[in-house]
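For reference, the structure discussed in these notes is given below.
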Amino acid sequence: MKARPRPVTLAVDIGATGIKLLCLDARGKPLGARVRVATPSPATPQAMLRAIAGALGGLPRYDRVSVGFPGVVERGVARTAANLDRSWIGIDVARKIARLTGKPTHAANDADVQGLSVVEGKGVELVLTLGTGVGSALFLDGRLVPNLELGHHPWRDNKSYEDLLGDPALKRVGLRIWTQRLREAVATLRATFQCRILYLGGGNARLLEGHWPKGIRVVDNVAGLLGGIRLWEPGRVQHPPRSS
Ligand code: BGC
């Protein structure tokens, strides 16, 4: 069999409804199929780490691990966990996953990881991810401003972007109204950040139809996993990897 360009990265996307795992070769080409396990309820660290451990067995061999976590992550440690069990707060996500896998591990906010894979690296670029929660990531010339957390910023009527655009809101109001709200949010955010490109990603971006103005790009959710490679590029993020 032809050797795969190394290092191979295991990308883990921790979500409020599912945990996704995919091995990528050094060029970002997927090795084997993406594995998805349902997020246990309650979504405690113990239960979720057990679910991740259970999914590791069937994966190809990998050299390092990148984790996207749905909350603020500082040097591998979870500082918020809005849509998971609160007991995640203070947990060293990178260290826990490094212990499970025995490999050096980086952990960062899930939207930050997704953004790393899609940005062009020119000027101000903003990424919004649409899933259970609303994630956001800001880049200047390809360099990440970590943990933007726009989702919890009040937008209208004392409600945050996440209150109005998260998955529960989509289920409540339906696709048409939700999409209209999203268009309005995008206009507000473009005016606020003066970004060159605003990317729309995350699981619910696949529902978006119709024409979007120039400067708005709808991106594939697999990007959430592909960004795992860029997390290791020097100068992209300032957090050192954890190895045990
Ligand atoms: C969290 C963010 C996360 C987003 C998407 C929000 O509730 O606060 O950190 O990026 O959900 O998962």
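Throughout, read-outs are computed from the coordinates displayed, never taken from laboratory work. Model, not experiment: these values are computed from the prediction. Virtual Cβ from ideal backbone geometry, glycine too; neighbours counted across all protein chains shown.
Some notes on this structure:
- Ranking 231, 32, 45 by how far each Cα lies toward the positive end of the dipole of the chain (charges on Cβ) leaves 32 at the top.
- Rg in Å to one decimal, and Dmax rounded to a whole Å, for segment 1-41 via C-alpha atoms: 12.2, 41
- Using the Cβ of residue 39 as centre and a radius below 14 Å, the other residues enclosed give a net charge of -1, where K and R count +1 and D and E count -1.
- Of the peptides 201-208, 122-129, the order by per-residue mean of other Cβ atoms within 10 Å, starting with the highest, comes out as 122-129, 201-208.
- Beta bridges per DSSP, both residues in segment 5-105: antiparallel share near 70 percent.
- Listed by Cβ neighbour count within 10 Å, with the fewest neighbours leading, 197, 97 appear as 197, 97.
- Residue 124 long-range amide H proximity, modeled H, under 5 Å: 141, 196
- The residues 160, 87, when put in order of fewest to most other Cβ atoms within 10 Å, stand as 87, 160.
- Estimated FRET transfer efficiency when R0 is 35 angstrom, pair residue 33-residue 212 (beta carbons, to 0.05): 0.70
- On Cα atoms only, tilt of 175-193 relative to the major axis of the chain in degrees: 90
- At q = 0.14, 0.16, 0.24, 0.25 Å⁻¹ the log10 of I(q)/I(0) for segment 74-173 amounts to -0.62, -0.79, -1.24, -1.26, computed by Debye summation with a single uniform scatterer per C-alpha, solvent ignored.
- Model label points for residue 220 and residue 187, set 7 angstrom from Cα along the Cα-to-Cβ axis, are 3.2 nm apart.
- Peptides 219-230, 184-195 ordered by average Cβ neighbours within 10 Å, highest first: 219-230, 184-195
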